[in-house]
Amino acid sequence: MRPLFDVQHAAISGSSTSNSDPTDRRINALVRHLVPSSSSAMADSLSASATSSVQSDSVFAHVVRAPEDPILGVTVAFNKDPSPNKLNLGVGAYRTEEGKPLVLNVVRKAEHQLVNDSSRVKEYLPIVGLAEFNKQSAKLIFGADSPAILENRVTTVQCLSGTGSLRVGGEFLARHYHERLIYIPLPTWGNHPKVFTLAGLSVKTYRYYDPSTRGLDFQGLLEDLGSAPSGAIVLLHACAHNPTGVDPTLEQWDQIRKLMRSKQLLPFFDSAYQGFASGSLDADAQPVRLFVADGGECFVAQSYAKNLGLYGERVGALSIVCKNADVASRVESQLKLVIRPMYSNPPIHGASIVATILKDRDLFNEWTIELKAMADRIISMRQQLFDALSARGTPGEWSHIIKQIGMFTFTGLNSEQVSFMTKEYHIFMTSDGRISMAGLSSRTVPHLADAIHAAVTRVV
């Protein structure tokens with residue numbers, strides 16, 4: 001049955017033309033029956049004024065058009081550009097040498113197994129998600145022999161990729177942790193401040209990137225965390241820092257750990273690129289494992305978007321390492337109360353793919369080979385871009401391109417230079433000069449190098 005508002009609107013303003021739907025024709029017939037023909041002019045007047053009123057008096061008339069997301073908006077602009085030479089380096093998604101999205105062979109094999117398993121059903125998962133997925137995710141990030149896992153001090157819940165894992169963790173902290181202040185690196189992924197603010201936390205930044213060296217501002221980082229109030233939460237990128245591609249060394253990570261533990265700062269790792277940065281799952285997990293090995297507590301948000309190419313499946317996990325098994329159990333019970341009114345329980349398909357791969361030795365080994373191939377191709381793109389800029393004699397120092405790691409490079413280009421490259425060369429990226437190395441290919445590197453050379457020589 002149509003809402004009363006719609007019915008009244010149709011009764012007053014609907015026309016009797018033949019292309020009206022059947023409901024409108026019935027209502028218009030009723031109007032003609034109730035309104036005498038001599039009053040047709042009045043009916044027309046009523047119809048026009050009512051239509052105008054309805055259109056102008058929307059309860060949402062005050063809503064202004066929101067700006068495009070600074071990252072996803074790049075793709076919107078890219079799609080509108082008719083140029084055959086356009087290049088999208090904004091989206092954080094892996095592309096093949098041919099510029100196509102990649103579905104890993106191991107993912108197709110896992111899906112084939114799942115589709116042909118007639119015992120599988122589509123029932124709801126528990127609030128915390130797929131048990132095998134949670135178990136395997138914890139082992140992947142902490143290590144199968146992690147004392148925290150063996151002592152049942154870890155609680156892991158399946159969430160909606162990395163973003164959902166961060167949001168659930170943030171809301172849990174806002175409800176149950178004594179300090180609602182979280183420090184995030186400057187710069188960081190654009191969604192971080194929004195996620196944590198809306199979760200109920202107050203956000204501050206700590207120094208991370210040094211534009212003058214295009215590397216880590218390690219001293220600034222230590223100073224800012226050293227002056228943070230005791231107990232504050234600190235967001236840490238586990239590897240392949242987004243957007244800069246700049247990571248601390250293992251020695252620096254250990255200094256960060258010692259400082260944070262001495263100040264009782266709570267680590268919250270965002271692990272979006274495990275295995276995708278160096279090509280080694282274990283190497284990329286080392287910073288997290290350093291913090292877990294000292295027996296302290298920490299949070300870890302995991303995403304399988306990049307390293308398994310499961311972008312649209314939205315597969316992630318939140319793990320909380322606690323002091324003992326009893327605390328971990330109670331923490332999990334409260335996580336359920338965060339998740340239940342948010343999305344009730346997570347989807348089953350993507351998590352089943354991950355669990356199938358992680359628990360099968362052959363599939364897991366095949367994944368590590370494909371994962372390293374993706375990481376190696378990105379490393380190759382870094383080298384090719386550096387070589388192309390060197391060959392052109394492009395002004396500036398560009399070694400940071402090969403020193404940085406992971407999907408993104410912080411080029412050092414300013415917003416005016418970015419705009420110039422978009423207008424003149426149809427190259428799309430975020431205004432801060434971040435480019436996705438995964439969006440490059442051997443064919444497009446020369447085009448990008450030409451654009452960068454022109455930008456730095458023609459735009460100050």
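Table: residues versus (1) among the polar types (S, T, N, Q); (2) under 30 Å from ASN116 (Cα atoms); (3) open to solvent by less than 50 Å² (accessible area, probe 1.4 Å).
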| site | (1), (2), (3) |
| --- | --- |
| VAL354 | no, yes, yes |
| GLU366 | no, yes, yes |
| LYS372 | no, yes, no |
| GLN384 | yes, no, no |
| LYS403 | no, no, no |
| ALA438 | no, no, yes |
| VAL445 | no, no, yes |
| VAL459 | no, no, yes |
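You will find that of VAL456, VAL445, VAL460, the residue that is among the hydrophobic types (A, V, I, L, M, F, W, C) and free of Cβ contacts under 8 Å to residues at least 60 places away in the same chain is VAL460 and no other.
Looking at region 308-324, is at least one residue assigned to a helix (DSSP H, G or I) and either among the hydroxyl-bearing types (Ser, Thr, Tyr) or out of contact with any helix residue (DSSP H, G or I) (no Cβ under 6 Å at 6 or more places or on another chain) (or both)? Let's see the steps before the verdict.
Pass one, region 308-324, residues assigned to a helix (DSSP H, G or I): 311-313.
Those left that are additionally either among the hydroxyl-bearing types (Ser, Thr, Tyr) or out of contact with any helix residue (DSSP H, G or I) (no Cβ under 6 Å at 6 or more places or on another chain) (or both): 311-312.
Among the residues of region 308-324, at least one is assigned to a helix (DSSP H, G or I) and either among the hydroxyl-bearing types (Ser, Thr, Tyr) or out of contact with any helix residue (DSSP H, G or I) (no Cβ under 6 Å at 6 or more places or on another chain) (or both), which makes the answer yes.
State yes or no: is VAL288 of a type in the set (Val, Ile, Thr), more than 22 Å from ASN134 (Cβ to Cβ) and modelled with pLDDT of 95 or more? For VAL288, the condition - of a type in the set (Val, Ile, Thr), more than 22 Å from ASN134 (Cβ to Cβ) and modelled with pLDDT of 95 or more - is not met. Any residue in region 166-174 that is within 19 Å of HIS349 (Cβ to Cβ), in a helix (DSSP H, G or I) and either open to solvent by 60 Å² or more (accessible area, probe 1.4 Å) or not aliphatic (A, V, I, L, M) (or both)? Taking every residue of region 166-174 in turn, none turns out to be within 19 Å of HIS349 (Cβ to Cβ), in a helix (DSSP H, G or I) and either open to solvent by 60 Å² or more (accessible area, probe 1.4 Å) or not aliphatic (A, V, I, L, M) (or both).
Tell me, which residue of region 332-352 that is open to solvent by 20 Å² or more (accessible area, probe 1.4 Å) and among the aliphatic types (A, V, I, L, M) is nearest to SER303 (Cα to Cα)?
For region 332-352, the residue satisfying everything is ILE348.
Residues that are buried (at least 24 other Cβ atoms within 10 Å of the Cβ) and closer than 22 Å to VAL203 by Cα do not occur anywhere in region 251-258. Looking only at region 216-238, count how many residues are surrounded by 17 or more Cβ atoms within 10 Å (Cβ to Cβ) and either hydroxyl-bearing (Ser, Thr, Tyr) or in a strand (DSSP E or B) (or both). Of the residues in region 216-238, 6 are surrounded by 17 or more Cβ atoms within 10 Å (Cβ to Cβ) and either hydroxyl-bearing (Ser, Thr, Tyr) or in a strand (DSSP E or B) (or both). Evaluate region 269-288: report whether one residue or more is open to solvent by less than 10 Å² (accessible area, probe 1.4 Å) and over 24 Å from the mean Cα position of the chain (by Cα). Within region 269-288, not a single residue is open to solvent by less than 10 Å² (accessible area, probe 1.4 Å) and over 24 Å from the mean Cα position of the chain (by Cα).
Screening LEU448, LEU358, LEU389 for residues that are modelled with pLDDT of 95 or more, in contact with a helix residue (DSSP H, G or I) (Cβ under 7 Å, 6 or more places away or on another chain) and either within 21 Å of GLY275 (Cβ to Cβ) or outside any helix (DSSP H, G or I) (or both) leaves exactly one candidate, LEU358. Within region 386-401, being hydrophobic (A, V, I, L, M, F, W, C) and open to solvent by less than 10 Å² (accessible area, probe 1.4 Å) holds for LEU389, ILE401.
How about region 113-131: which of its residues are open to solvent by 70 Å² or more (accessible area, probe 1.4 Å), of a type in the set (A, V, I, L, M, F, W, C) and either in a loop (DSSP other than H, G, I, E, B) or within 21 Å of GLN158 (Cα to Cα) (or both)? Working first, answer last.
Residues of region 113-131 open to solvent by 70 Å² or more (accessible area, probe 1.4 Å): 113, 115-116, 118-119, 121-124, 126, 131.
Imposing the further condition that a residue be of a type in the set (A, V, I, L, M, F, W, C) reduces the set to 115, 121, 131.
Within region 113-131, VAL121, ALA131 meet the criteria.
Does region 72-85 contain at least one residue that is open to solvent by less than 40 Å² (accessible area, probe 1.4 Å) and of a type in the set (Asp, Glu)? Yes, because at least one residue in region 72-85 is open to solvent by less than 40 Å² (accessible area, probe 1.4 Å) and of a type in the set (Asp, Glu).
Within region 300-314, the set of residues being in contact (Cβ under 8 Å) with a residue 12 or more places away in the chain and surrounded by fewer than 23 Cβ atoms within 10 Å (Cβ to Cβ) comprises GLY309, LEU310, TYR311, GLU313, ARG314. Of all residues in region 194-212, at least one satisfies being without any contact (Cβ under 8 Å) to a residue 24 or more places away in the chain, surrounded by fewer than 16 Cβ atoms within 10 Å (Cβ to Cβ) and part of a helix (DSSP H, G or I).
The values are calculated or read from the model by the stated rules, or taken from the named source; none is laboratory data. Everything numeric in this text was worked out from a predicted model, so none of it was measured. When we count neighbours, we look across all protein chains shown, and the Cβ atoms used for this are built from the backbone with ideal geometry, even at glycine. Keep in mind that these areas ignore ligands, DNA and RNA; they rest on the heavy atoms of the full protein, side chains included. Shrake-Rupley method; radii C 1.70, N 1.55, O 1.52, S 1.80 Å.
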